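*Asks:* Let me give you the structure first, and then I'll get to my questions.
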Amino acid sequence: MPHHDLLIIGAGSGNTVVRKSYSEMDVAIVEPWAFGGTCLNRGCIPSKMFVHAADVALSARRGGSLGLHTTFEGADWQAIRDRVFGRIDPIAVSGRDYRVGLENMTVYESHARFTGDRCVDVGGTSVSADQIVVSAGGRPVAPDLPGLAEVPFHTSDSIMRLDSLPEHLVILGGGFIAIEMAHVFEALGSQVTIVHRGDLLLRGADEAIRERITEVYSGRMGVRLNTTVTAVAHDHGFRLELSDGSTLEADQLLVATGRRPNSDRLNVAAGGIDTDERGLIATDDYLRTSAEGVWALGDITNPAQLKHIANAEARILTHNLLNPEDLWAMDNSLTPHAVFGHPQIGSVGHTEQNLVDAGTPHLVSVRNFSDIAYGWAMEDSTGFVKLLADPDSRLLLGAHIIGPHAPTLIQQLIQGMASGTTVDEMARDQLYVHPAMPEVVEQALLEL
């Protein structure tokens with residue numbers, strides 16, 4: 001039976017745990033697919049490369065509002081796709097080749113399943129280790145709809161590798177994947193229809209953000225709210241029967257209704273590893289699981305399923321695995337996130353509904369992008385900053401931005417919250433460049 005000092009299951013963020021300080025250890029990585037995980041191969045990195053192309057296309061379509069004679073004459077989908085994956089695929093290959101070439105590293109290119117205490121079956125070979133890091137990520141899930149399992153629908157794993165741009169793309173779901181992919185395909189020339197069971201897009205976001213993104217998208221494309229699919233068929237195209245009695249026909253179907261952790265595929269219970277009702281591996285603040293010597297990080301343990309959280313967890317585990325007497329804890333008190341649709345969204349902290357439901361006193365400030373000079377320059381009429389603050393401590397409780405470069409603008413507020421800076425200090429103890437976009441944040445802070 002092969003035995004290692006350290007076994008890492010999953011070569012996404014888990015791959016980054018091993019640094020030069022591990023050169024004296026016998027390390028193994030299990031990865032049945034491509035190195036780099038969801039983010040590199042089928043998630044945040046390729047999707048944002050597509051988003052940028054879509055942003056440029058949409059700008060060309062809207063040049064008239066600035067007095068420009070610009071037009072959008074269509075997209076070479078294959079050229080866009082090949083630019084993206086021509087950059088990404090070699091990175092995955094080189095990451096794998098680098099690890100294979102290390103003298104102290106073993107790479108198992110098969111699936112792993114726990115069979116006992118720190119023991120897994122990898123493609124028929126029993127492998128054990130002193131310590132194991134489980135970082136096997138998650139996967140898309142599809143709803144149980146009549147006919148869906150029999151049709152060639154796409155998920156976020158495959159939609160970006162299409163051979164041609166769809167004439168009509170139907171998207172089931174109203175979360176961040178639906179928001180981003182709807183922007184990409186509509187901007188590049190597809191007819192897009194979103195079918196969402198809720199009354200607003202982007203469940204979990206601040207209500208004002210949800211209302212605005214729903215309004216904007218409803219003006220750009222078909223958005224069918226409070227609607228479900230009752231049956232799906234495929235014969236030279238998709239036919240979807242909807243709960244309101246209508247039908248939709250499309251040449252491509254994207255199912256973006258959620259994701260789940262891969263803990264079930266690993267049979268983690270056989271390794272003494274506890275999970276919650278969602279299948280997420282339970283860990284303590286130091287990323288230890290219920291099984292001695294087994295750790296977990298990333299989408300398989302964190303419900304937010306954000307790459308920046310997984311990266312932070314990997315940095316902590318790099319230290320903790322080598323320093324059992326000086327463990328570092330993971331701080332999840334602030335989990336910023338962004339959605340790269342159009343308009344973009346950046347958020348951190350509580351939503352107003354969170355505070356209302358908890359009975360927490362709070363102040364609210366809202367400033368529109370159109371209130372600042374650079375907002376005039378962009379002719380932006382939909383973006384805004386919404387801040388929520390504690391009236392006594394004067395600390396920021398939540399921040400939500402929708403509009404151009406929102407994920408960038410939110411960063412200064414994340415930093416202020418992380419350092420315990422009051423809204424008054426954030427507003428007055430620094431100079432904001434004029435006329436630049438951060439002035440909208442300054443004005444929202446001053447209003448508090």
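*Asks:* Using the number of other C-beta atoms within 10 angstrom as an exposure proxy, rank E447, E180, E150 with the fewest first.
*Replies:* E150, E447, E180
*Asks:* Sorted by average packing, counted as other Cβ atoms within 10 angstrom per residue and highest first, what order do 160-166, 171-177, 420-426, 241-247 take?
*Replies:* So the order, starting with the most tightly packed, is 171-177, 420-426, 160-166, 241-247.
*Asks:* List the aspartates and glutamates whose Cα lies under 14 Å from the Cα of K307, skipping any in the same chain that are fewer than 8 positions away.
*Replies:* Within the straight-line limit of under 14 Å, K307 reaches these aspartates and glutamates: D299.
*Asks:* Below 8 Å, C-alpha to C-alpha, sequence gap of six or more: please give me the relative contact order for region 1-137 in percent.
*Replies:* 42 percent
*Asks:* Using θ = phi - 60° and the Karplus curve 6.51 cos²θ - 1.76 cosθ + 1.60, what whole-Hz ³J(HN,Hα) does each residue of region 375-389 get, with Gly and Pro shown as x?
*Replies:* Here the 3J(HN,Hα) series is x, 5, 4, 8, 6, 7, 10, 10, x, 7, 10, 10, 10, 10, 9 Hz.
*Asks:* Treating cross-link reach as a plain straight distance, find the aspartates and glutamates whose alpha-carbon is under 16 Å from the alpha-carbon of K48, omitting any fewer than eight places away in the same chain.
*Replies:* Those aspartates and glutamates meeting the cut-off are D82, D89, D157, E180, E186.
*Asks:* Using a basic spin-label model with each label point 7 Å from the Cα along Cα→Cβ, how many nm lie between R265 and R61?
*Replies:* 3.5 nm
*Asks:* If you don't mind, there's one more thing I want to ask. Give, rounded to the nearest 20 debye, the magnitude of the charge dipole that region 179-235 has about its Cα centre when Lys and Arg contribute +1 at Cβ and Asp and Glu contribute -1 at Cβ.
*Replies:* That gives a dipole near 60 debye.
*Asks:* Could you go through region 198-207 in sequence order and give the Karplus-derived ³J(HN,Hα) for each residue, using 6.51 cos²θ - 1.76 cosθ + 1.60 with θ = phi - 60°, rounded to whole Hz, and x for Gly and Pro?
*Replies:* Values per residue, Gly and Pro as x: x, 8, 9, 6, 6, 4, x, 7, 4, 4 Hz.
*Asks:* Using a basic spin-label model with each label point 7 Å from the Cα along Cα→Cβ, how many nm lie between R203 and N332?
*Replies:* It works out to 1.9 nm between the two label points.
*Asks:* Moving to a separate point now. Which one of I91, S65, A53 has its Cα pushed farthest toward the positive end of the charge dipole of region 1-152, where Lys and Arg give +1 and Asp and Glu give -1 at the Cβ?
*Replies:* The Cα lying farthest towards the positive end belongs to S65.
*Asks:* Could you calculate the contour length gain from N354 to V433, that is, 0.36 nm times the residue separation minus the distance between their Cα atoms, to one decimal place in nm?
*Replies:* Result: 25.2 nm gained on full extension.
*Asks:* So how strong a dipole does region 343-447 carry about its Cα centre when Lys and Arg Cβ are +1 and Asp and Glu Cβ are -1, to the nearest 20 debye?
*Replies:* Using only the charged Cβ atoms, the result is roughly 140 debye.
*Asks:* Residue farthest toward the positive end of the dipole of region 343-447, with Cβ of Lys/Arg at +1 and Asp/Glu at -1: which of G420, T408, M437?
*Replies:* About the Cα centre, the residue reaching furthest to the positive side is T408.
*Asks:* In debye, nearest 20: dipole of the chain around its Cα centre with unit charges on the Cβ of K, R (+) and D, E (-)?
*Replies:* 740 debye
*Asks:* Of all beta bridges DSSP finds with both residues in the chain, what is the antiparallel percent, to the nearest 5?
*Replies:* Counting only bridges with both partners in the chain, antiparallel ones make up about 60 percent.
*Asks:* What is the diffusion coefficient of the chain in µm²/s, taking the Kirkwood radius over Cα pairs and the Stokes-Einstein relation at 10 °C with a viscosity of 1.306 mPa s?
*Replies:* Roughly 66 µm²/s, to the nearest whole number.
*Asks:* Ok, one more. What FRET efficiency, computed as 1/(1 + (r/R0)^6) with R0 = 22 Å and r the Cβ-Cβ distance, is obtained for D130 and R19, rounded to the nearest 0.05?
*Replies:* That pair, D130 with R19, gives E of 0.75.
*Asks:* What's the ranking of 85-92, 199-206, 428-435 by average number of surrounding C-beta atoms within 10 Å, highest first?
*Replies:* My ranking of the peptides, most packed first, is 199-206, 85-92, 428-435.
*Asks:* Let's test this: bin the Cα-Cα distances of region 343-447 at 5 Å from zero up to the farthest pair and state each bin's percent.
*Replies:* Percent of Cα pairs in each bin: 2, 14, 25, 26, 18, 10, 4, 1.
*Asks:* Run the simple label-point estimate for S94 and H234 please: 7 Å along Cα→C-beta, distance reported in nm.
*Replies:* My value for the distance between the label points is 3.6 nm.
*Asks:* Show log10 I(q)/I(0) for region 232-336 at q = 0.24 Å⁻¹, two decimals, from a solvent-free Debye sum over equal Cα scatterers.
*Replies:* Reported log10 I(q)/I(0), two decimals: -1.30.
*Asks:* Helix-only estimate, please: 222 nm mean residue ellipticity of the chain, summing -39500 (n - 2.57) across DSSP H runs of length 4 or more and dividing by its residues, to the nearest 500.
*Replies:* Computed ellipticity for the chain at 222 nm equals -9000 deg cm²/dmol.
*Asks:* Using every Cα-Cα pair within region 106-241, state what percent have a distance larger than 24 Å.
*Replies:* Looking at region 106-241, the distances longer than 24 Å represent 47 percent of pairs.
*Asks:* How would you order 389-401, 291-303, 359-371 from highest to lowest mean count of nearby Cβ atoms within 10 Å?
*Replies:* Highest to lowest by the protection proxy: 291-303, 389-401, 359-371.
*Asks:* Using +1 at the C-beta of Lys and Arg and -1 at the C-beta of Asp and Glu, which of L148, H234, N267 has the Cα lying farthest in the positive direction of the dipole of the chain?
*Replies:* Checking the options against the dipole of the chain, the answer is H234.
Every number in this text was worked out from the coordinates using simple rules, so none of it is lab data. Everything numeric in this text was worked out from a predicted model, so none of it was measured. So basically every Cβ, Gly included, is an ideal-geometry build from the backbone, and we count neighbours across all protein chains shown.
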